[in-house]
Amino acid sequence: MITGHTGLICLLGSPVAHSISPAMHNEAFAYHKLDYVYLAFDVAPERFCQVVDALTVMNARGFNCTMPHKRLMYERADRLSPEAQLIGAVNTVVQEDGVLTGYNTDGKGYMAAVRDAGYEIIGEKMTLLGAGGAAASIISQAALDGVSEIDLLARKGKSWDAIQEVVDRINGRIKCQVRMYELQDREQMKKSIQESRILVNASSVGMSPHEDGCLVPDSTFLHGGLIVSDVIYNPRETKLLRMAKEAGCPVFNGMYMLLYQGAYAFELWTGKEMPAELIKEKYFRAG
């Protein structure tokens, strides 16, 4: 029930119509009998700062940022958590007395999803495809948690310099060795994947409505001992995951990364634990 006291928490991104976050967070608010509502707003990048200012004026408790706003929020935040500083991107914001503190729960959510799927990758090598905010958060948290090596393959574009800064910070502060290569280098891609325990697609390639997209050319790049994961959850089985399953690789999608990054965000806003098992059963089991 909406009241005159109902607090606003929301998602800012583009596109957002597919997001399961509103259902997930509103279920958690109801479970704890909290007078909040979570909504999703499709916001163009050129309007992002205007919307953030409006939410601050309206005293919104906080919000999530998804593509393409994570780096914009990193630049806009008044304060940054240590992991957000390392990553250079923000996906969760807490507002208190007009001060916006930026956090990044994506990497923690991904590593929790790996464990939830039943895999242990600490001390192993990872290959990751992509250079956006999700990529930065995953390599940062994986390095912090103890993954031994990470090969990152990305296109040389507007995100290249930003992810290079993240890689440099990781290599300068953490024992994990991260290397960057151009995505077009197919020979290096195959070599990196063949040496890895886990492959992560951290790009938007393959996301609905462009389900035919895949950054890995064919199944010869994969091997039977490889875990293949995708941060995408719409569709729940991307072309990459379908190819990997046919090659005999264990796979998982981005659904539980979404669940666990949301659980960390929920606790930042409310101080309470999200009822993850209840929400998993109600909204995620079909995946």
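The values are calculated or read from the model by the stated rules, or taken from the named source; none is laboratory data. This structure is a prediction, so every number in the text was calculated from the model and none was measured. Every residue, glycine among them, receives a Cβ derived from its backbone with ideal geometry; neighbour counts consider all protein chains shown. Quick note on the areas: whole protein, heavy atoms, side chains included, nothing else; ligands and nucleic acids left out. Shrake-Rupley method; radii C 1.70, N 1.55, O 1.52, S 1.80 Å.
Points to keep in mind about this one:
- The length gained by stretching the chain between Ser219 and Glu195 to full extension, at 0.36 nm per residue less their Cα-Cα distance, is 7.1 nm.
- For the chain, leaving out every one of the trypsin sites (Lys or Arg not before Pro) that falls in a DSSP loop and has at most 13 other Cβ atoms within 10 Å, the longest unbroken run is 34-155.
- Beta bridge orientation in the chain: antiparallel %, DSSP, nearest 5: 20 percent
- DSSP beta bridge pairing in the stretch 51-170, given as percent antiparallel to the nearest 5: 55 percent
- GNM top mover of Ser140, Ser81, Ser192 - the chain, alpha-carbon springs below 10 Å: Ser81
- Sum of side-chain charges, Tyr256 neighbourhood, beta-carbon under 10 Å (Lys, Arg +1; Asp, Glu -1): +1
- One decimal place: the segment Gln177-Tyr119 gains 18.8 nm when fully extended, by the rule 0.36 nm per residue minus the C-alpha distance.
- Structure note, pairs Lys158/Lys239; Lys108/Lys191; Lys191/Lys239: Cα-Cα distances above 24 angstrom occur for Lys158/Lys239; Lys108/Lys191.
- Residue (of Phe48, Ile193, Gln261) at the positive-pole extreme of the chain, dipole from beta-carbon charges: Ile193
- Helical mean residue ellipticity (222 nm; -39500 (n - 2.57) per DSSP H run of 4+; nearest 500) of the chain: -11000 deg cm²/dmol
- Taking the Cα centre of the stretch 52-199 as origin and assigning +1 to Lys and Arg Cβ atoms and -1 to Asp and Glu Cβ atoms, the resulting dipole is close to 260 debye.
- In the complete set of protein chains, residue-level accessible area for Glu46 is approximately 150 Å², probe 1.4 angstrom.
- Percent carbon-and-sulfur accessible area, the chain, ignoring ligands, DNA and RNA, probe 1.4 Å: 49 percent
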